[in-house]
1. Relative contact order, percent, of chain B when contacts are C-alpha pairs under 8 Å separated by at least 6 residues?
2. In degrees between 0 and 90, to the nearest 10, how far off the longest principal axis of chain B does helix B:90-101 point, with axes built from Cα atoms?
3. Expressed in nm to one decimal, what extension gain is obtained for the pair B:ALA229 and B:ALA25 from 0.36 nm per residue of sequence separation less their Cα-Cα distance?
4. Relative to the compact globular guide of 2.2 N^0.38 Å, what is the alpha carbon radius of gyration of the protein assembly as shown, as a ratio?
5. Using +1 at the Cβ of each Lys and Arg and -1 at the Cβ of each Asp and Glu in chain B, identify which of B:MET208, B:ALA182, B:ALA349 lies farthest towards the dipole's positive end.
6. Among B:ALA342, B:ALA195, B:ALA34, which one shows the highest mean-square fluctuation when chain B is modelled as a Gaussian network with alpha-carbon springs under 10 Å?
7. With a Förster radius of 35 Å, plug the Cβ-Cβ distance of A:GLU45 and B:ASN172 into 1/(1 + (r/R0)^6) and report the FRET value to the nearest 0.05.
8. So, with a 1.4 angstrom probe, what is the percent of accessible area on region B:307-358 that is carbon and sulfur?
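The values are calculated or read from the model by the stated rules, or taken from the named source; none is laboratory data. Every value quoted in this text rests on a predicted model; they were computed, and no experiment measured them. Here the Cβ positions follow ideal geometry from the backbone for every residue, glycine too, while neighbour counts run over all protein chains shown. Quick note on the areas: whole protein, heavy atoms, side chains included, nothing else; ligands and nucleic acids left out. Shrake-Rupley method; radii C 1.70, N 1.55, O 1.52, S 1.80 Å.
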Amino acid sequence: MAKYLLLKHYRGAPAPVNDVPMDKWTPEEISAHVQYMQDFADRLEKSGEFVDGQALAPEGTWVQYGGAGRPPVTDGPFAETKDLIAGWMVIDVDSYERAIELAGELSAAPGAGGRPIHEWLELRPFLAAPPTITE
Amino acid sequence: MDEALLRSLTPSMLGILVRRGADFAAAEDAVQDALIEAVRGWPADPPRDPKGWLVTVAWRKFLDATRADVARRRREDLVDEEPEPGPAPAVDDTLQLYFLCAHPSLTPASAVALTLRAVGGLTTRQIAQAYLVPEATMAQRISRAKRTVSGVRLDQPGDVGTVLRVLYLVFNEGYSGDVDLAAEAIRLTRQLTAAIDHPEVAGLLALMLLHHARRAARTAPDGSLVPLAEQDRGRWDTALIAEGVEILQTALARDRLGEFQAQAAVAALHADAPTAGETDWVQIVEWYDELARLTDSPVVRLNRAVAVGEADGPRAGLAALAALDGSLPRYVAVAAYLHERAGDLGEAARLYAEAAHQAPNFAERDHLTRQAARLNARRNR
């Protein structure tokens, strides 16, 4: 088993195929989208492949050590152009192929017009501890 | 094995040990040891007086631990010199424990964790699950809290207001996993009401009951938020409402108004209306005026603006809003709602989308996005 991180982006990812902002959808389309993702997570929980998932607020702050005896330095809210993570899901699957398959499935969540968004998801493998036994 | 009984006895055992001179952390360890013995021994040989049994065993465990600790020789002598303590009233012990767990030297997160552990008798795992943090994180939080209060003597009452704020924090945390924090907060506040006669304690209990009564109607089957005006009032728990209103009326009759009683009064007026349209908004505005006087909180004035919008019309609400700081949490959502009611749908849709962007949780974000989508769909038709 290997863990993978699925990253959803607010910004910074290539434009999806069905690129309509969420507040331009109908309330029913939003419900269908939310339900799709919930069903996806539920299914992975049953198959034992779900680890965790969280949504993140869009606003973040860069923080930096400010020097001895000084408060940390911040740059305020992210500039509009920066990459921004909307949320993530961690899965624990048997193979890279399975991870790709699941990411593709999640990217098919319905959006405007009930059609799949074809949203880009970033798939990142977790770095694991080195094995105790190497053959 | 009656787990609920053990849980309900935990706080008074702790209280008794601490009042007999045990250090908080040592008392907690001793109580845990006694509980383990109870779990092992009771099924085969149940005691006639469970509490007396537990206190005796816990005190023996504490003495054993203290005596075994050579570095604590001096304290051992102190303990030996003390006369055998007589029985102490249980309610008093529990009350002292509430004050200790809400001690001002603790951060709110630590006070909440310690209260759930020591007064509520929840396991560290249960608390961790409820707060969605790893068990190790919660264990650290609790042991740091125990260290912080370990030098505090339990001989004088603390500030009731601090205890109430901690319980209100627990209530507002919602729930997940197998522990329902709102129900737990109600249980603890009921216990506190029995231990202390204070109108604000009653006010907080009434407030919790009135909010809790609406819980089933507050979310749709798919988990989305249902606003107060659209809730199916048939799904409100009328028994809880009746109890909350009665507790509130008794408290108000004592004429020592505080912020929890005033908040409960607002909740009671909502609970009282057979339909959303029949809500007594004029009286609600008056209660918000009282609350603003008692707390001077900007959040209260934001809620007041909503009530003014209902009582005197959306334009009056927007005027009340204009006097407030635009960076307040939920300010934009309130502005969106009032603009919609005033018929300014374009501006309302824009503000709902902006409010969704700032929303602090899933359910609220999705709800606000739906509001924006609904107005945009209507405008494009």
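1. 10
2. 70
3. 68.6 nm
4. Computed over Cα atoms of the protein assembly as shown, the ratio equals 1.15.
5. B:ALA349
6. It is B:ALA342.
7. So the FRET efficiency works out to roughly 0.80.
8. 51
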